[in-house]
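Below is one structure, written out as structure tokens; comments come after it.
The values are calculated or read from the model by the stated rules, or taken from the named source; none is laboratory data. Model, not experiment: these values are computed from the prediction. Counting neighbours? That spans all protein chains shown, and the Cβs are built from the backbone with ideal geometry, glycine included. The area values use the complete protein model at the heavy-atom level, side chains included, leaving out ligands, DNA and RNA. Shrake-Rupley method; radii C 1.70, N 1.55, O 1.52, S 1.80 Å.
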Amino acid sequence: MGKQLIIVESPAKVKTIKKFLGPQYMVQASVGHVRDLPSSSLGVDEENNFTPHYEIIENKKNVVNDLRAAAAKADTVFLAPDPDREGEAIAWHVAELIRDKAKDIKRIQFNEITSRAVKEALAHPRELNVHLFDAQQARRVLDRLVGYKISPLLWKTIKRGISAGRVQSVALRLIVEREDAREAFTPEEYWLFHAMLRAEMPPAFKVELVRIDGKKAIIGNAEQASAVEKNFKGKPFVVEHVEEKERERAPLPPFITSTLQQTANQRFSYTAKRTMSIAQRLYEGVELGDRGLTALITYMRTDSTRIADEARAAARDYINTSYGKEFLPQKERIYKARGGAQDAHEAVRPVDVAITPDDVKPHLSPEQYNIYRLIWSRFVASQMASARFHDTTVSVACGSTLWKGKGERLLFPGFLTVMPRGRDEEDAQLPPLVEGQILQPEKVEKEQKFTQPPARYSEAGLVRELEELGIGRPSTYAAIISTLQDREYVRLQERHFVPTDLGRVVCRQLLEHFPRLMDVGFTAQMEENLDQVAEGREKWVDLLRHFAGDFNPTLLAATKNMKSLKGGLPANILCPDCGKPLLIKFGKAGSFLACSGYPECRFTSNFERAEDGNVVLSMSEKPQYERVGQCPQCGKDLVIKKSRTGSSFIACTGYPECKYAAPFSTGVPCPRCEKGTLVEKSTKRGKIFYSCDHYPQCDFALWDKPVPESCPRCASPYLVEKKGREGIRIVCPVKGCGYVKESDDA
């Protein structure tokens, strides 16, 4: 047998796969895509069936040369990029570039990187799937047509350098419209009553007022609340009805891409991009001591909850051995894929269920352990028996009011053995109760509440919404979210997405001039059309012709009618210096306020938005500046100001005649070079950090604010401020020291 070449997508897979195969196999990586549309031109011949003009990516030319040289030495080339449309496209482009060198080219794919899976794939190669490639190519050309043709309009009317995306723009619309709904929301007052009641036997339990005179309890103000309180005050609480029943709770199916991203975000605050990066490493293989380089999970880009028969059997064997026969369901659990799922790959599961999270914990980073434990636990739980509960619901009468309380008692843990509930999921237990029993109130409380606006999207919530609406696919969610943040159309506030003013204005320009492109239903239908291309039921060129028939006239109209907003948007507040209206403008560092009286008045400021959406000057930008000395150039006062991305700096009050400015110093000498001083800076997204003012000669930086005090325990030359639930603490930054400054330390 001659030499065989396997070309994978990622260099991390090379070592893992080489472990399984003999010396006759060469394994090399394409390192992702090797060809793409040109970056400096449209690269699509619209008059000739949308023919794309691909180019070798600049930094992949050496990779391509190496692949061609290796292909010339091999009897057979096995193309083994990831088992999805993107992987098929990579395989297709590699094949085109090595075709004149290779004797024979085959496509193989595997859902897990194990010896069995790789060898089985080699034994059953296939031809390249032209339909999958066409679907990816259609998506790429669609996105290029939209981005390349609409972006110049946004440059011309809003700000240079920004862009539009076919799917990302619809996701932006969801975030903007949710914010609009929040700002338009009017809170309504309501009141709740709850009581802690005690029977002859503990524990005391909580009940809530649900009915008044047989009608649903709706209490709209303090006056009504007082009237209700008089109605039952001093009257006995009497058990009216007790309902007891047994309830089962079944486990959730194993993870698909979207549910993995959502759960990792909820549990660990990981972004979708971070979760996929961690999962990719677990899929490709990690060093596990004596086991060597080992792949731990199956392919992580999937929308199917299906699992292989042998994986289900292995899980049942593990559950039977580790927990006992009673933890197995009477029938094997087989999960059906939801409607519209491509079902090309299994669910995300451990490759070997016998490799437990605790087994590999010493060899994994904390985040790798967290994701593996999540995947392993969800998979094992999905094949276990249901948990059983004894539920009790009690109705308690007091005068003409009715109160209800609920409790539960766990009878059998079932799958909860491997996926325990959080405290917030558990209901309290109720004591033994009988009808007619009089209960003693320990306390009765009334609480004023207000209805809340629709919640902003968390990353988990946005992924769930995109999935439910059919926008994008599992492999694209992370990229959609990252793109919105990279373009500075949205920002995270307390782990929820808030549209920036730039994001709002881009969204509204697109909605006004490209309503069909921004339509959720249209975008979802386009995903279905791409699926039909992948299945060979629609030609990719026909899809593009149909799209262009609507898009091109709309583009022409937008070119004529889209108005420029570069002059600024009304902020609806007046300049504190001259009294003229302030405008919202978009600069390189983000949006800011500028006076409409420019150039006579040069006032600029950061701003914030109140809950109702109204613009307010940032507190630090109101005209009471802290004086910090005299300008070394002109002698006028120096003040502390804020940059448009949030960091403090020192500026001369003589601006614009005197342009002196300097970074805001923390007074802490740089601990690395000992020549510079640590100064306050901020990222483009507005996150504050502290770095040496001798950059780039010294690149020392840290996120926590340094304090110019030495540590009395380890002599660190500085301390740092740490923000947590308990407030701000002053601590030592040296790992293992553990010093925390007490309030009475001096």
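A few comments on the model shown:
- Candidate set: the stretch 153-211, residues that are small (Gly, Ala, Ser) and closer than 21 Å to ARG504 by Cα; chosen: the one nearest to the chain's Cα centre (by Cα): ALA171
- Test for LYS675: is it of a type in the set (D, E, K, R) and under 19 Å from LEU593 (Cα atoms): no
- Qualifying residue in the stretch 433-452 (condition: within 26 Å of GLU183 (Cα to Cα), touching a residue at least 60 places away in the same chain (Cβ under 8 Å) and part of a helix (DSSP H, G or I)): no
- Members of the stretch 380-408 that are more than 30 Å from SER322 (Cα to Cα), in contact with a Ser or Thr (Cβ under 9 Å, 6 or more places away or on another chain), modelled with pLDDT under 95 and open to solvent by 10 Å² or more (accessible area, probe 1.4 Å): LYS406
- Close contacts from the stretch 547-568, counting a first residue that is free of Cβ contacts under 8 Å to residues at least 60 places away in the same chain and a second that is in a helix (DSSP H, G or I), with Cβ to Cβ under 7 Å and a gap of 6+ residues or different chains, come to ASN561/HIS513.
- Residues in the stretch 409-439 that are among the acidic types (Asp, Glu) and at pLDDT 85 or above: GLU435 alone.
- Given (1) at pLDDT below 90; (2) surrounded by 15 or more Cβ atoms within 10 Å (Cβ to Cβ), number of the condition GLY727 does not satisfy: (2)
- Count of residues meeting criterion [under 32 Å from the mean Cα position of the chain (by Cα) and assigned to a helix (DSSP H, G or I)] in the stretch 72-87: 3
- Among the residues of the stretch 570-603, those that are open to solvent by 60 Å² or more (accessible area, probe 1.4 Å), assigned to a strand (DSSP E or B) and either among the aliphatic types (A, V, I, L, M) or more than 21 Å from ASP180 (Cβ to Cβ) (or both) comprise LEU574, PRO581, LYS585.
- Pairing each residue of the stretch 25-48 that is without any contact (Cβ under 8 Å) to a residue 40 or more places away in the chain with any residue that is among the small types (Gly, Ala, Ser) and part of a loop (DSSP other than H, G, I, E, B), provided the two are 6+ apart or on different chains, yields C-beta distances under 8 Å for ALA29/SER10; VAL31/SER10.
- Any pair with Cβ under 6 angstrom, 6 or more apart, that starts in the stretch 350-368 at a residue that is in contact (Cβ under 8 Å) with a residue 24 or more places away in the chain and ends at one that is open to solvent by 30 Å² or more (accessible area, probe 1.4 Å): VAL353/ALA314; VAL353/TYR318; HIS363/GLY289
- When residues in the stretch 198-208 are screened for being open to solvent by less than 40 Å² (accessible area, probe 1.4 Å) and modelled with pLDDT under 95, 3 of them pass.
- ARG378 meets the conditions (1) in a helix (DSSP H, G or I); (2) basic (Lys, Arg); (3) in contact with a helix residue (DSSP H, G or I) (Cβ under 6 Å, 6 or more places away or on another chain) in every case but one. The failed one is (3).
- The residue list GLY536, GLY646, GLY567, GLY613 contains one member that is part of a loop (DSSP other than H, G, I, E, B) and crowded, with 16+ Cβ neighbours inside 10 Å, which is GLY646.
- Selected residue (criterion: nearest to LYS636 (Cα to Cα)) from residues of the stretch 659-688 that are open to solvent by 80 Å² or more (accessible area, probe 1.4 Å) and in contact (Cβ under 8 Å) with a residue 60 or more places away in the chain: LYS684
- Boolean, TRP155 is aromatic (Phe, Trp, Tyr), under 30 Å from PRO38 (Cβ atoms) and either part of a strand (DSSP E or B) or open to solvent by 60 Å² or more (accessible area, probe 1.4 Å) (or both): yes
- Any hit, the stretch 656-671, residues being in contact with a Ser or Thr (Cβ under 8 Å, 6 or more places away or on another chain), at pLDDT 85 or above and at positive phi: yes
Matching residues to (1) of a type in the set (D, E, K, R); (2) open to solvent by less than 50 Å² (accessible area, probe 1.4 Å); (3) assigned to a strand (DSSP E or B); (4) at pLDDT below 90:
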residue	(1), (2), (3), (4)
GLY2	no, yes, no, yes
ILE17	no, yes, no, no
VAL31	no, no, no, no
LEU42	no, yes, no, no
LYS61	yes, no, no, no
ASN65	no, no, no, no
ALA70	no, yes, no, no
ALA89	no, yes, no, no
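- Residues (touching a Lys or Arg at 6+ places or on another chain (Cβ under 7 Å) and closer than 20 Å to ILE98 by Cα) located in the stretch 32-51: VAL34, LEU37
- Failed item in (1) closer than 30 Å to ARG487 by Cβ; (2) at pLDDT 80 or above, with ASP577 passing the rest: (1)
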